[in-house]
Amino acid sequence: MRKRRWFPKAWYHITARGNRKAEIFYDDRDRFKYLELLREAKFSHPFHLHSFCLMSNHVHLLIETIDIPPGTFMKDLHSQYAIYFNKKYGFTGHLFQGPYKAQLQGDVNAILQVSRYIHLNPCRALLTFNPEDYKWSSYSHYLSPSPFYSDLITTSTILSYFKDIKQYEFFVQLANKVRPGHPSNG
């Protein structure tokens, strides 16, 4: 297995899918547990979480490392979550389809595109037409900061590339409105 490229302040789009594309979250408590474990990982192995989206059978995370490679905390996070999930539902075996995937993001444009992609994931999956309506994404925290996410999500870096929050909202929504099947496209 090839070793992942890593350096301090590296940005990664991390994805992990359920084994055989099976669901990894059955209910809200499962999603809360994953976020709780993600928060614990962030405090024990500091990194910046810039965007996330928890879908039923996969996760998206946009992280920026500080001085620890993502493998240090991702392996623990997913092991702990799999133990929780398997115990809760009486399952055995692998929950995730292999190791997580980490795509290194090389420049600001790529980072902004990935943040938008993550926030629009529920819309592309036709779970909602408006990304702010999907509660298991960091997008609503960008628009209206929530105390629940304040110690988990770092919005300031992404937002620093925009004049204000409204401009980021326009950036995300513009890509959503041109999606085929969106109600605004008639």
Describe numerically, in nm with one decimal, the distance between label points set 7 Å from Cα along Cα→Cβ at residue 28 and at residue 108.
-> 3.9
Given 13, 68, 81, which one lies farthest toward the positive end of the charge dipole of the range 12-105, if we put +1 on the Cβ of every Lys and Arg and -1 on the Cβ of every Asp and Glu?
-> 81
Can you pull the percent of the chain's accessible area that's carbon plus sulfur, 1.4 Å probe, other chains left in place?
-> 56
If you roll a 1.4 Å probe over the heavy atoms of the protein chains, what accessible area per residue do you get for the chain, in Å²?
-> 52
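Can you work out the FRET efficiency for the pair residue 161 and residue 127, with r the C-beta to C-beta distance and R0 = 30 Å, to the nearest 0.05? Please report the intermediate quantities before stating the final value.
Working: r = 27 Å, r/R0 = 0.91.
Here the calculated transfer efficiency is 0.65.
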Identify which of 22, 82, 102 has the largest mean-square fluctuation in a Gaussian network model of the chain, with springs joining Cα atoms closer than 10 Å.
-> 22
All lysines inside 16 Å of residue 42 as judged from Cα atoms, apart from same-chain residues fewer than 8 positions distant | 9, 33, 75
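May I ask you to derive the FRET efficiency for residue 19 and residue 148 from their Cβ-Cβ distance with R0 = 30 Å, giving the value to the nearest 0.05?
On the way: r = 29 Å, r/R0 = 0.98.
For residue 19 and residue 148, the calculated efficiency is 0.55.
The values are calculated or read from the model by the stated rules, or taken from the named source; none is laboratory data. A quick note: this is a predicted structure, and the numbers were derived from the prediction, not measured. For neighbour counting, all protein chains shown are included, and Cβ atoms are generated from backbone atoms with ideal geometry for every residue, glycine included. Just so you know, the surface numbers come from the protein's heavy atoms only, side chains and all, with ligands and any DNA or RNA stripped out. Shrake-Rupley method; radii C 1.70, N 1.55, O 1.52, S 1.80 Å.
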